Amino acid sequence: ILNVEQSPQSLHVQEGDSTNFTCSFPSSNFYALHWYRWETAKSPEALFVMTLNGDEKKKGRISATLNTKEGYSYLYIKGSQPEDSATYLCAFTKGSGGYQKVTFGTGTKLQVIP
Amino acid sequence: GAVVSQHPSRVICKSGTSVKIECRSLDFQATTMFWYRQFPKQSLMLMATSNEGSKATYEQGVEKDKFLINHASLTLSTLTVTSAHPEDSSFYICSASRTTDTQYFGPGTRLTVL
């Protein structure tokens with residue numbers, strides 16, 4: 001069983017505050033790390049996919065970094081807005097050869113208070 | 001692009017009946033489709049991976065005779081929960097991927113077995 005852990009489990013921030021959360025994953029047989037945003041009553045939406053140690057991705061106010069050697073990724077949200085309220089999931093893909101397996105974390109539920 | 005639909009969104013059935021859930025990629029051809037199950041306050045748990053025209057690969061602990069998966073075309077996969085029991089009540093969600101690793105998710109199906 002692969003342990004993909006996300007912290008914190010939930011958090012509340014004021015509108016305008018910046019925030020970040022963590023995804024921890026096994027550092028062996030790394031293939032890719034995905035971040036998804038899952039708003040209530042909607043489908044999870046892909047935010048980023050990162051494959052290389054040191055990767056940094058950015059999409060508007062949201063950015064992510066990756067450290068495959070120590071097995072963690074950070075997701076940052078700058079100037080949080082109410083529409084950022086969602087559960088943020090990371091997914092670790094383990095792979096070697098032609099085989100890949102995806103394991104999801106339990107998510108960080110973000111609530112942005114206007 | 002990359003829209004995935006899932007039908008039905010909610011189903012209530014009697015114990016012992018079978019329920020079929022459809023997953024369609026609406027605007028792309030999905031080489032691979034995935035079926036997940038989510039228990040309350042837990043992560044998405046991969047049940048099986050299916051490629052068009054071939055048998056699904058089930059995760060350890062998932063009964064393939066209980067959860068029948070058919071991937072008849074590059075745009076349609078179905079999950080049939082056979083002889084459903086109350087313990088099968090859960091949230092089932094599918095995803096589809098093209099040649100990249102990013103998965104595009106459907107909106108999910110809430111199954112309640114009475």
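So which residues in region B:59-69 are in contact with a Phe, Trp or Tyr (Cβ under 7 Å, 6 or more places away or on another chain) and either surrounded by fewer than 19 Cβ atoms within 10 Å (Cβ to Cβ) or not hydrophobic (A, V, I, L, M, F, W, C) (or both), if there are any at all?
B:LYS64
Within region B:87-106, take every residue that is open to solvent by less than 50 Å² (accessible area, probe 1.4 Å) and farther than 19 Å from B:ALA56 by Cβ and give me the one that is nearest to the chain's Cα centre (by Cα).
B:PHE91
Looking at (1) at negative phi; (2) more than 11 Å from chain B (Cβ to nearest Cβ), can you tell me which one A:GLN6 breaks?
Here A:GLN6 clears every test but (2).
Out of the residues in region B:78-110 meeting the condition of being farther than 25 Å from A:GLN100 by Cα and outside any strand (DSSP E or B), tell me which one is nearest to the other protein chains (Cβ to nearest Cβ).
Ranking the qualifying residues of region B:78-110, first place goes to B:SER89.
Given the structure, is A:GLN81 touching a residue at least 24 places away in the same chain (Cβ under 8 Å) and at the interface with another protein chain (Cβ under 10 Å from one of its Cβ atoms)?
Values: touching a residue at least 24 places away in the same chain (Cβ under 8 Å): yes; at the interface with another protein chain (Cβ under 10 Å from one of its Cβ atoms): no.
No.
Out of curiosity, is A:SER80 more than 13 Å from A:ASP17 (Cα to Cα) and not aromatic (Phe, Trp, Tyr)? Walk me through how you get there before you give the answer.
On the way: more than 13 Å from A:ASP17 (Cα to Cα): no; not aromatic (Phe, Trp, Tyr): yes.
In short, no.
Only one of (1) closer than 25 Å to A:THR51 by Cα; (2) touching a residue at least 60 places away in the same chain (Cβ under 8 Å) fails for B:ASP101. Which number is that?
The failed condition is (2).
Anything in region B:22-42 that is closer than 19 Å to B:THR112 by Cα, within 14 Å of another protein chain (Cβ to nearest Cβ) and of a type outside the set (Lys, Arg)? List them, or say none.
Quick first cut of region B:22-42, residues closer than 19 Å to B:THR112 by Cα only: B:22-23, B:35-42.
Checking which are within 14 Å of another protein chain (Cβ to nearest Cβ) leaves us with B:23, B:35-42.
Listed by number, the residues that qualify are B:CYS23, B:TRP35, B:TYR36, B:GLN38, B:PHE39, B:PRO40, B:GLN42.
So which residues in region A:62-84 are open to solvent by 30 Å² or more (accessible area, probe 1.4 Å), touching a Ser or Thr at 6+ places or on another chain (Cβ under 8 Å) and not polar (S, T, N, Q), if there are any at all?
The answer is A:LYS69, A:GLU70, A:TYR72, A:TYR74, A:TYR76, A:LYS78.
Condition test on B:ALA72, is it touching a Ser or Thr at 6+ places or on another chain (Cβ under 7 Å) and either in a strand (DSSP E or B) or under 12 Å from B:TYR92 (Cβ atoms) (or both)?
Working: touching a Ser or Thr at 6+ places or on another chain (Cβ under 7 Å): no; either in a strand (DSSP E or B) or under 12 Å from B:TYR92 (Cβ atoms) (or both): yes.
No: the conditions fail for B:ALA72.
When region A:24-56 is examined, which residues are found to be crowded, with 17+ Cβ neighbours inside 10 Å and more than 20 Å from A:ASN3 (Cβ to Cβ)? Before the answer, list the steps.
Taking region A:24-56 and keeping what is crowded, with 17+ Cβ neighbours inside 10 Å, we get A:24-25, A:30, A:32-38, A:43-44, A:46-50, A:55.
Hits for region A:24-56 are A:ARG37, A:TRP38, A:SER43, A:PRO44, A:ALA46, A:LEU47, A:PHE48, A:VAL49, A:ASP55.
Select, from B:ALA84, B:ALA56, B:ALA30, B:ALA72, the only residue that is without any contact (Cβ under 8 Å) to a residue 24 or more places away in the chain and open to solvent by less than 50 Å² (accessible area, probe 1.4 Å). Walk me through how you get there before you give the answer.
Numbers: B:ALA84 fails: without any contact (Cβ under 8 Å) to a residue 24 or more places away in the chain; B:ALA30 fails: without any contact (Cβ under 8 Å) to a residue 24 or more places away in the chain; B:ALA72 fails: open to solvent by less than 50 Å² (accessible area, probe 1.4 Å).
So the residue among B:ALA84, B:ALA56, B:ALA30, B:ALA72 that is without any contact (Cβ under 8 Å) to a residue 24 or more places away in the chain and open to solvent by less than 50 Å² (accessible area, probe 1.4 Å) is B:ALA56.
The values are calculated or read from the model by the stated rules, or taken from the named source; none is laboratory data. Predicted, not measured: the structure shown is a model, and the values here were computed from it. Here the Cβ is made from the backbone with ideal geometry for all residues, glycine too, and neighbour counts use every protein chain on show. The accessibility values were calculated without ligands, DNA or RNA, using every heavy atom of the protein model including side chains. Shrake-Rupley method; radii C 1.70, N 1.55, O 1.52, S 1.80 Å.
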